[in-house]
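Note sheet for the following structure.
Values quoted throughout were computed directly from the atomic coordinates according to the rules given, and no laboratory measurement underlies them. If you're wondering where the values come from, they're calculated on a predicted model, not measured in any experiment. Here the Cβ positions follow ideal geometry from the backbone for every residue, glycine too, while neighbour counts run over all protein chains shown.
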Amino acid sequence: MGASRHTLPRIHGGAMIQKTVFAASVISVIAALLTSPLLAREQPLPTSVSPQFCITVKQKLASTAMVGENTIFADMASYRHSKPAFEPLKIYQVVTYAASLPIVVSCKMKTSAHLREVYGAKAAGQQLFCPDIALMLKQQAIAELTTEGQADAASRATTFVLDHDVPFVTGRDYLADFRTIYRTEDGATHVSSPGLYQNLESWYTPLLPEFLKGQSYCHLATVEYLKAVATGAMAPGATITTNDDAPTSLK
């Protein structure tokens, strides 16, 4: 009897400890999932005018949970001259409008390789590129059109051809005029996502000044623009400029 009286509390206490350890493990797993690059990649993109937009784009491109500080410029000149940096991690964003409709978001970020170099091997994972984000935006536009009951427009959006844009290596090329949604002679609607990528492992990287190393830039057609073209509310073919007079505010 004496033995049983002493053994039972130990068994009960052990069970409580096991439950506590199990609960702590579950919490740790949930916390890890919430900050994992994989989950960041699966999350939908915020609205194009949100300060979270380019932060989320950066997380998806660099497969990272890092956040950073994002600045949204109201003028194109400030965006043109900006350069992403570390300590703190800085990101830059500008939105191009057609009247009141945001049609293109431009983001300046750091590459996954540069994040790993500065913050450690686990700071970032696989590097994605601008067309990968364009695909996510297209899928988001289709999903929204479907939810809104616009089946015909959703069907048209599925036919949009995503260009496999090779990123530029110079700012001059990235800042040239471009079209993110346009129609070709065969009648197909194309979605382009021009970008810039500085490969940190390139032979010429040591020759570059620090502020040019490890940059990752994108011009992205917005969900709003994709939906407007799919519904016929807006024609494709708008020329996007990075000149000082670019429409980067509501009209």
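Applying a DSSP loop filter and a limit of 13 other Cβ atoms within 10 Å to the chymotrypsin sites (Phe, Trp or Tyr not before Pro) in the stretch 192-249 leaves TRP203, TYR204. Relative contact order of the stretch 142-226, taken over Cα pairs closer than 8 Å and 6 or more residues apart, is 26 percent.
For the stretch 56-150, trypsin sites (Lys or Arg not before Pro) meeting the loop criterion (DSSP other than H, G, I, E, B) and having at most 12 other Cβ atoms within 10 Å: LYS122. Once C-alpha pairs closer than 8 Å and six or more residues apart are averaged by separation and normalised to the residue number of the stretch 35-231, the relative contact order reads 22 percent. Using alpha-carbon positions, what is the distance between the centroids of the stretch 48-84 and the stretch 179-221, in Å? With the stretch 48-84 and the stretch 179-221 each reduced to a Cα centre, they are spaced 15 Å. Close amide-amide hydrogen proximity is noted between ALA246 and MET76, each under 5 Å apart and 5 or more residues distant or on a separate chain (H modeled in the peptide plane; Pro and chain starts excluded). Backbone amide hydrogens, once placed in the peptide plane, bring LYS90 within less than 5 Å of GLU69, ALA85, excluding anything fewer than 5 places away on its chain.
Spacing of the modelled spin labels on ASP163 and LYS83, each 7 Å from Cα toward Cβ, amounts to 2.8 nm.
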